[in-house]
Amino acid sequence: MSTERIRAVVIDDEAASRDVLEAYLTRYCPEVQVMGKAANAEEGIALIARTSPQLVFLDIEMPFRSGFDLLATYGDLPFHVVFVTAYSDHALQAIQVSAADYLLKPVSIELLQAAVRKVLAHVRDKEHVQHARVLLDNLRAGSDGAQKVVLPLLDGFEVVFARDIVRCEAEDNFTWFMLANGERKMICRPLKHYEQSLVPLGFVRVHRSHVVNIACIRKYRKGKGGTVVLADGSEIPVSEACRPALMEVFQ
């Protein structure tokens, strides 16, 4: 394996956060060379132009211009991105559904090392760049199903529109994605991972094993919990616990 270090910069409006992350990288991630630090988006853009980093650790919430605003100034991103945030809100959901890497503050050393390993594994391809582009597309998109979801596969990943996902079904720690064109994709992540990200995109959990696209529901049949019939003809059970949430959607 090459011993060449990857060039990185840290962009965060909090001086303490910048210093802590730099110290962690220096001590625990020797394969990363920190080329510089910036306190806001403008400084960050100048730093990136000056140092040409392969990896940018980027805070999301910064005064005047956010981390997302910084990324939006680029066409094809020439670097990998690891987001750093103290917030677990809609922005974090967007990051999750785009399969981009992120770290929650205070930063865990173990998770930092894992994020660096992922970047090292893909530093010669554009997978992480594509994830960041999907994220920016999602943030610009409305709530009409135009958002994209990154599905990690054994041989790479696939990007699909949320509106083209009919339903998701849990199978142990895996999730089946059923698409409108009849394709089935098995993803090596639990359904819970996707539920939090898909619900804001127009999905609802109807059963502990099923999350469905609200736009694909064609019929509801009464019963103990009932069932829903979807656009692809599948009939999915509705649990008693999930029924109130489903009824609220259609009220």
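The values are calculated or read from the model by the stated rules, or taken from the named source; none is laboratory data. Worth saying up front: this structure is predicted, and the values here are computed from it rather than measured. Every residue, glycine among them, receives a Cβ derived from its backbone with ideal geometry; neighbour counts consider all protein chains shown.
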Could you say whether any residue in the stretch 138-161 is small (G, A, S) and assigned to a strand (DSSP E or B)?
yes
Of the conditions (1) more than 27 Å from the chain's Cα centre (by Cα); (2) in a strand (DSSP E or B), M178 satisfies every one except a single condition; which number is it?
(1)
With the requirement that a residue be surrounded by 21 or more Cβ atoms within 10 Å (Cβ to Cβ) and at positive phi, what does the stretch 59-76 give you?
none
Against the conditions (1) modelled with pLDDT under 90; (2) surrounded by fewer than 19 Cβ atoms within 10 Å (Cβ to Cβ), where does S98 fall short? Just the number, please.
(2)
Looking only at the stretch 212-251, filter to residues that are modelled with pLDDT under 90 and under 24 Å from A146 (Cβ atoms); which one of those is surrounded by the most Cβ atoms within 10 Å (Cβ to Cβ)?
V249
Tell me the residue from A180, A132 that is surrounded by 15 or more Cβ atoms within 10 Å (Cβ to Cβ) and modelled with pLDDT of 85 or more, please.
A180
Flagged in the stretch 181-225 as of a type in the set (S, T, N, Q) and either at positive phi or in a strand (DSSP E or B) (or both), in numbering order, are N213
Are any residues in the stretch 77-89 of a type in the set (F, W, Y) and in a loop (DSSP other than H, G, I, E, B), and if so, which ones?
F79, Y87
Residues that are part of a strand (DSSP E or B) and touching a Lys or Arg at 6+ places or on another chain (Cβ under 8 Å), drawn from the stretch 236-251
I236
For the list (1) closer than 30 Å to F177 by Cβ; (2) at pLDDT 90 or above; (3) in contact with a strand residue (DSSP E or B) (Cβ under 7 Å, 6 or more places away or on another chain), I need the number of the one condition that S108 fails.
(3)
Would you please name the residue that is surrounded by the most Cβ atoms within 10 Å (Cβ to Cβ), looking only at residues in the stretch 195-211 that are touching a strand residue (DSSP E or B) at 6+ places or on another chain (Cβ under 6 Å) and closer than 16 Å to E171 by Cβ?
V211
